[in-house]
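For reference, the structure discussed in these notes is given below.
The values are calculated or read from the model by the stated rules, or taken from the named source; none is laboratory data. Please read all numbers here as calculations on a predicted model, not as lab measurements. Every residue, glycine as well, gets a Cβ built from its backbone with ideal geometry; the counts of neighbours run over all protein chains shown. Each accessible area value is taken on the protein alone, full model and side chains, heavy atoms only, with ligands, DNA and RNA left out. Shrake-Rupley method; radii C 1.70, N 1.55, O 1.52, S 1.80 Å.
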Amino acid sequence: MNLQTSPNTSYSMRAMPDSCQFQLLDVDLLQDPGTRRIVHLYSMVARCLRCETVFKAVEGQGLVSMSAIRVLRCPTGCGQQSLKGATLRSWQPAPEATA
């Protein structure tokens with residue numbers, strides 16, 4: 001008889017509702033040039049619009065990748081936001097301010 005139980009991952013793999021919003025300042029990713037599909041997301045630099053913290057998120061540290069979305073989490077713990085691949089593919093850096 002096998003008494004081992006498999007861990008229930010259904011709770012940990014579900015994204016919580018968005019509780020915060022972020023301004024993306026930089027996105028470092030590898031895209032397929034033909035389809036624009038994201039092959040790998042290396043990192044994102046973001047500003048939390050709730051606490052104004054600017055941070056760099058990488059997988060496992062402020063960034064969690066799931067099958068259809070990426071979840072960005074503020075390092076201060078004030079919230080998180082889910083981002084669809086289309087949002088990341090269409091992201092453009094803000095134009096430089098001219099003095």
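Quick check on my filter: what residues within segment 35-66 are in a loop (DSSP other than H, G, I, E, B), more than 12 Å from the chain's Cα centre (by Cα) and modelled with pLDDT under 90?
Passing the criteria: Thr35, Arg36, Arg37.
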ask   = Just for segment 57-76: of the residues that are open to solvent by 40 Å² or more (accessible area, probe 1.4 Å) and touching a Cys at 6+ places or on another chain (Cβ under 9 Å), which one is farthest from Asp28 (Cα to Cα)?
value = Thr76
key: Scan of segment 26-50 for residues that are closer than 19 Å to Cys74 by Cβ, of a type in the set (A, V, I, L, M) and open to solvent by less than 70 Å² (accessible area, probe 1.4 Å), ordered by number   = Val27, Leu41, Met44, Val45, Ala46
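In segment 77-88, which residue that is among the hydrophobic types (A, V, I, L, M, F, W, C) and under 16 Å from Arg47 (Cα atoms) is surrounded by the most Cβ atoms within 10 Å (Cβ to Cβ)?
Looking only at segment 77-88, we keep the residues that are among the hydrophobic types (A, V, I, L, M, F, W, C), and these are 78, 83, 86, 88.
Still in the list and also under 16 Å from Arg47 (Cα atoms): 78, 83, 88.
Values: Cys78: 14, Leu83: 20, Leu88: 17.
Here the answer is Leu83.
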message = Checking the condition among the β-branched types (Val, Ile, Thr), more than 13 Å from Gln23 (Cα to Cα) and in contact with a strand residue (DSSP E or B) (Cβ under 8 Å, 6 or more places away or on another chain), which residue from Thr76, Thr53 passes?
response = Thr76
